[in-house]
1. Once each part is reduced to its C-alpha centroid, what is the distance from segment 481-509 to segment 353-430 in angstrom?
2. Among rounded, prolate and oblate, which fits segment 386-477 when a ≥ b ≥ c are the square roots of the eigenvalues of its C-alpha gyration tensor, a/c under 1.5 means rounded, and a/b larger than b/c means prolate?
3. Highest first, please rank the peptides 112-123, 305-316, 332-343 by the mean number of other Cβ atoms sitting within 10 Å of their residues.
4. Spelling out what I want: for every residue of segment 412-427, take phi, set θ = phi - 60°, compute 6.51 cos²θ - 1.76 cosθ + 1.60 (Karplus), and round to whole Hz; glycine and proline get x.
5. Compute the long axis of helix 198-212 from its Cα atoms, compare it with the longest principal axis of the Cα atoms of the chain, and write down the angle in degrees, 0 to 90, nearest 10.
6. Work out the length of the dipole vector of the chain about its Cα centre, built from +1 on the beta-carbon of each Lys and Arg and -1 on the beta-carbon of each Asp and Glu, and round it to the nearest 20 debye.
7. Could you size up the charge dipole of segment 304-397 around its Cα centre, putting +1 on the beta carbon of Lys and Arg and -1 on that of Asp and Glu, and report it in debye to the nearest 20?
8. Can you list the aspartates and glutamates whose alpha carbon is less than 13 Å from that of K18, not counting same-chain residues fewer than 8 positions off?
Amino acid sequence: MAHDPYAPCMCGSGKKLKFCCQDILADLVKVEKLIDNQPDAAEKLLRSLLAQHSDKEVLVTQLASVLTRKGQFDEARNQLVEFLRHHPDEPRALLALADVCLATQGFDESRRIIHRAFQLGARQFPAGVAMLASQIAQQMARAGCAMAVREHLALSVRMAPPERRNQLLMQLANFESQRTVPYPFRGRFALLPVELDDELQQEEHRARKVSQIGCWEPAAILYSRLVEKQPQNGALWHNLGLFRAWDGRVEEAAKALHKAADLIDDFDTAVETEALAQLLDLEVDGDAYSIVQVSVSVESVSQLLTSLDADGRMARMPSNVNNENEESARVAAEYELLAEPLSDNVDPENLPDVLADITVYDADESSESDPQVLVVALDDDIKEATALFRSLAGDLAGSDEGNEPTPVSRLPQVCRLFDWKTHHAEHLGSSHFRRIDQQRLDSALQQWLEKPSKSLGDESPLEAAKDANNLVKVGASVITLDVVCNRMGYDPDLTDIRSRLGIPVPLKLETDKEQAITSLPLLQFARLAEPELSDDQVVDFTNRVTLVRHLLLIERAVAELIRRPAALERFTPMRAHMLRATVAREKNDLSRASECFEDARSSVADNQDAFRTKLELDIRELSFRLDNPADPELPALLTSIRERYFVKIPEIEEVIREELVNSGCTHLLDQLQPAGGGLWTPDKEEKAASSEKLWVPGQD
Ligand SMILES: [Zn+2]
């Protein structure tokens, strides 16, 4: 084939072919053909070419890639290092070396070479930077450095070629919706503006520039020199803290941010900065507790279930019929091991705690695994739980000596106060359960106020708040509390706690209508002034907090949304009303939730899809209402579902039946029969005859 000598060279250098690889073109084409199926031949050819053209970057990077694919990382590194000794600024060789080092030594050991590769490669080879950044993000996730994960993912999105961008955006969105990551870490953080004298300002600009391309160590080094010259500048310390956090240096980041919080004048900014420092402290704090699991081998599953079922401390969970994946298909039964035995007349106000979750697995012939039982509990409880299980299982449990508990997850000690599991007696309904939960939450919040805290110098929030000098720290600890609660599945209104501690109400954030809401740190969302926002900003606000799943913020966003017809239309009204319904349900306001369902119904246009949409709404309303098994509207709703859908879509009946059983509402099963089912009376026959469904009294 003909190669235009003035076209860009095929090696990707960006130079014209004539001035680049023209003399080795034929050999490069040959390598290309060999590389996938004959790697040894490709390696041999590349080595001999490299011996003649030791300055050709494309040859050494190709050779390194053949070697790494063969698992010869050391040799790949040696080749690249040797090349770079003579050509220290060749970006692709640097990117390739960074890649090998990252894979073999990890980020900490490779930081310098990576940042050098970023600096020299960002302009010409952004795709290489993007790839490295996404790999670093994975390592940061394993190390638990959430801020570094997000920032490296964002960097890889910025740098990625268009064809890879969507996939990386999905990864980012996936990270942002992970509930186990404290919510502020799932959004971006912004550098504070810094004002300095000319010469220093130039250095500051340089730091921002290298930060843009992910070189957070170089940025931190530039900034360290600046804070030496201006040690009282809070904004400098703040930004230094962010650079370090993005670079995976969590402890040092927290130190800089604490310092910044001391120095920043604006109260709310100081509080948010201190809160970030406290949250980072929690990430590295050794004072943590774990959820652990122990696996016990067992025999004769059916016999085991019989003896577990017979004990008052074992509460069997409703079986999950959707056993789609292999693992759950092996589940024979799931139990809650209760702290106290369940009596026949359980006191609804005093439900026992769950000590452990116990899952019984059947044998699996395909993988030749024996039947086994998994006991999952807090590290404090695992011994007691396992012993209890063994006493019930008797000889059916194997000895499993040396089977130590393995950690499932690890949480900062401050979460412990909000970590409980009450046994959920089905017939009482979810609404009752949520009320009990709310009471426990209120008492946990009270305890929090009185409990000494490390971040407050071992004083309790109530004590610390007596000294006005502590207000920033105490204010920050309330934000930390909000984040901890959210992580544990609660979003309580902390206004009252704030006022009890004498913390000023946070000032509303000044935003302009052009500003992208999505670029704000999530910690500032609570300070948005909704009425001041543009329609687009309200839609973005709602989308963002929905992804993050913060109930109170969702409530505020969607309340503003439904005041604005154009914004509501853009968001889609049905989705908005369903969100409102979900918030109302979580707040246990079921009548409010059903109002939202009415709004949702009236927003459905009368088109072809209306039937399905209305069916979906009816089924969802039903599942909401089943939270209160005594809801007087339930029979009427069931009747209308039966009359409207059972004939057209017969499968629905089974779905509803299961839903009733699973929510402890078996007393309503009769409603699924035409005319109420049960005793036949002539009166009922008339009603049934008038309905569309065929009903034969003789079958009763
Ligand atoms: Zn070339």
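1. If you average the Cα positions of each part, the centres end up 34 Å apart.
2. oblate
3. Sorting 112-123, 305-316, 332-343 by mean packing, highest first, produces 112-123, 332-343, 305-316.
4. Per residue, the Karplus-derived 3J(HN,Hα) values read x, 3, 4, 6, 4, 4, 10, 10, 9, 9, 8, 5, 9, 6, 3, 5 Hz.
5. The answer is roughly 60 degrees.
6. Working: 78 positive and 117 negative charges, 609 e Å.
The calculation lands at about 2920 debye.
7. Numbers: 5 positive and 23 negative charges, 45 e Å.
Magnitude of the dipole: close to 220 debye.
8. The reachable aspartates and glutamates, counting only those whose Cα sits under 13 Å from K18, are D4.
No value in this document is a laboratory result; all are computed from the given coordinates. Just so it is clear, the structure is predicted and the values come from calculations on it, not from any experiment. Please note: Cβ atoms are built from the backbone with ideal geometry, for glycine as well, and neighbour counts cover all protein chains shown.
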